[in-house]
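The values are calculated or read from the model by the stated rules, or taken from the named source; none is laboratory data. Because the structure is a prediction, the values reported are computed rather than measured. Methodologically, a virtual Cβ is constructed for each residue, glycine included, from the backbone with ideal geometry; neighbour enumeration extends over all protein chains shown. SASA here: full protein model, heavy atoms, side chains in, ligands and nucleic acids out. Shrake-Rupley method; radii C 1.70, N 1.55, O 1.52, S 1.80 Å.
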Amino acid sequence: MEGHSGTLTQVFYSLEFWALVLNFILLLAIFWRMGRKPLIAFLETRRALIQSSLQEAARIKADAEAKHAEYTKRLGDLDHALASLRAEMIQAGELERDRIVADAEGKAARMRQETQFLIEQRLKQLRIDLIQETVEAAISKAASVLAESTAAEQQKSAQHYLDQLSKIQPEGQEN
């Protein structure tokens, strides 16, 4: 090791070594002098770019959080809106059902009234037809009896018939 230490000491005292050190220092000084302003400008530009990127990222994050909050609120409102829409649809269905039932009941009542009216009209017509047939049968019978009986019997029979007719009240008349 002694050999190496002697050579190391010689290197420190040699003019070449100090010339290399001086050249390196001069090179650093030149780089510092020439590259300081562009380096500072580059670093400031880089810092500004990074800072604006961070601000943009913060703004995007805030926008995303705001949208997330808005969508969360909308989803909550959507559940409420769906529940109220469902309730409205059920209420509208019940109202429509009630209206249909009321219409059907009204139609059924009108049909009952019309049917009752038709039955009453038919009964009146049947009564009229029955009375007419009875009168025609009585007249026919009276004509056949008259043809067979004598004048005195005819007088007696006519009186009896008129008495019977006076006892029968026509329909719709009261005493």
Quick check: anything in the stretch 151-163 of a type in the set (Phe, Trp, Tyr) and within 56 Å of the chain's Cα centre (by Cα)?
no
Could you list all residues from the stretch 145-171 that are open to solvent by 90 Å² or more (accessible area, probe 1.4 Å), charged (D, E, K, R) and modelled with pLDDT of 85 or more?
none
Test set (1) open to solvent by 90 Å² or more (accessible area, probe 1.4 Å); (2) under 35 Å from the mean Cα position of the chain (by Cα); (3) at pLDDT 90 or above - residue 92 fails condition number
(1)
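Looking at 79, 63 in this structure, which one is open to solvent by 80 Å² or more (accessible area, probe 1.4 Å) and of a type in the set (Asp, Glu)?
Being open to solvent by 80 Å² or more (accessible area, probe 1.4 Å) and of a type in the set (Asp, Glu) holds for just one of 79, 63, which is 79.
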Residues in the stretch 105-122: is at least one surrounded by 10 or more Cβ atoms within 10 Å (Cβ to Cβ), modelled with pLDDT under 90 and polar (S, T, N, Q)?
no
